[in-house]
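Following: one structure in structure tokens, then a few remarks.
The values are calculated or read from the model by the stated rules, or taken from the named source; none is laboratory data. Please read all numbers here as calculations on a predicted model, not as lab measurements. Cβ atoms come from the backbone with ideal geometry, glycine included; neighbour counts cover every protein chain shown. Heads up: the accessible areas ignore ligands, DNA and RNA and are worked out on the full protein's heavy atoms, side chains in. Shrake-Rupley method; radii C 1.70, N 1.55, O 1.52, S 1.80 Å.
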Amino acid sequence: NRYPLCSILSVMEKILLYYKFTPVKDPEMLKLWQKTLCDSLNLHGRILVSAQGINGTVGGDIEDLKAYVKKTKEFPGFKDILWKWSEGGRDNFPRMSVKVKKELVAFETWDEIQVDEKGVVGTGPHLKPHEVNELVSQYGDDVVFFDGRNQYEAAVGRFKNAVVPDTRTSRDFKRELESGKYDNLKNKKVISYCTGGVRCELLSAMMKQRGFKDVYQIDGGIVKYGEAYGDDGLWEGNLYVFDGRMGMNFSDHAKVIGQCIHCKGKTSNYENCANPACNDLVLICEACLTDPAKRYHAEDCQKKEVAREPAKA
């Protein structure tokens with residue numbers, strides 16, 4: 001064996017996901033410290049910091065990630081962060097980005113959401129994955145899953161019979177919740193869910209403030225539920241992720257629920273429309289992708305792109 005086991009293990013890479021809602025007095029200082037720390041450990045990824053706390057996804061060598069966890073836990077309020085490990089690595093991200101934002105998730109609710117040392121004030125109770133199943137088993141149709149992500153994420157994977165709001169961005173949720181379309185859910189047990197849990201900390205609080213009586217969230221989000229049950233529980237399909245992987249499955253028998261925009265065949269493959277002016281993220285199966293004309297969102301996008309191209313000599 002030319003490569004000792006210790007050498008192989010030393011170059012193992014992973015992706016780390018986490019968030020923490022806690023008051024941060026100086027977000028700019030936190031940003032600079034995090035950027036310096038990540039660069040020193042050769043990590044790539046995206047981190048958002050605000051007066052509400054921190055939300056990050058970073059990839060790199062597993063030993064460097066462990067060092068990152070150890071140092072980050074030293075920051076006041078970050079000691080009990082729930083860390084989520086995922087397959088992938090440094091190359092799934094183009095660079096290391098750390099930015100300061102007004103809020104960790106752009107729901108535009110900074111005027112109504114409060115954060116203290118315990119987290120988001122008035123958020124829904126956390127359910128462990130087994131508690132999610134127990135609640136559904138006990139109350140059946142009185143339990144409703146409510147997707148806290150965008151529609152294109154839900155198109156390839158979601159909880160069975162979930163309610164999927166008409167949203168393209170997080171800003172749309174306030175309008176949706178106040179539209180009256182979901183008033184019939186206000187007396188049901190609602191389990192909000194999202195990728196890693198950060199969006200539902202805020203969404204569940206928003207729902208409770210708007211009259212939803214019994215709102216929960218999944219501790220660790222879809223990631224932790226998938227770790228516990230794979231594709232043998234209440235989740236079905238592919239988990240869309242915001243990095244170079246684009247999506248991930250929890251097992252080798254994941255159900256494919258996405259639908260190709262052209263042939264309507266089953267797929268989880270997302271592509272950007274070939275018309276730069278459109279650039280919408282659309283589901284296109286591998287078979288249709290071999291046809292250059294089908295790399296477009298729609299026929300109209302192709303016509304506009306052809307019209308924009310300069311005439312050949």
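Once the 1.4 Å probe is applied to the protein heavy atoms, the chain comes out at 51 Å² accessible per residue. Dipole magnitude for segment 203-303: about 340 debye, using +1 per Lys or Arg Cβ and -1 per Asp or Glu Cβ, origin at the Cα centre. Given +1 at the Cβ of Lys and Arg, -1 at the Cβ of Asp and Glu and no other charges, the dipole of the chain around its Cα centre is 480 debye to the nearest 20.
Across segment 193-203, rounded Karplus estimates of 3J(HN,Hα) from the backbone phi angles (6.51 cos²θ - 1.76 cosθ + 1.60, θ = phi - 60°) give 8, 7, 4, x, x, 5, 5, 6, 4, 7, 4 Hz, Gly and Pro being marked x.
The amide H of G237, built 1.01 Å from its N in the peptide plane, has K255 as neighbours under 5 Å, considering only residues 5 or more places off or on other chains. Computed with every protein chain present, the accessible area of E87 is close to 120 Å² [probe 1.4 Å]. For segment 209-255, carbon and sulfur atoms together expose 48% of the accessible surface, with a 1.4 angstrom probe and every protein chain in place.
Each residue of segment 282-288 was assigned a 3J(HN,Hα) from its phi angle through the Karplus curve 6.51 cos²θ - 1.76 cosθ + 1.60 (θ = phi - 60°); the sequence is 9, 7, 9, 5, 4, 5, 5 Hz, with glycine and proline shown as x. Largest accessible area first, the listed residues T36, T22 line up as T36, T22 when surface is computed with a 1.4 Å probe on the assembled protein chains. Taking amide H atoms as placed 1.01 Å from N in the peptide plane, the amide H of N269 lies under 5 Å from those of I284, each 5 or more residues away in sequence or on another chain. The string of couplings for segment 46-53 from the Karplus curve (6.51, -1.76, 1.60, θ = phi - 60°) is 9, 10, 10, 10, 7, 5, 7, x Hz, one whole number per residue in order, with x for Gly and Pro.
The H on the amide N of D219, modeled in the peptide plane, is under 5 Å from the matching H of L127, K128, each at least 5 residues off or on a different chain.
With a 1.4 Å probe and all protein chains left in place, how much of the accessible area of segment 42-92 comes from carbon and sulfur atoms, in whole percent? Exposed carbon and sulfur together represent 51 percent of the surface.
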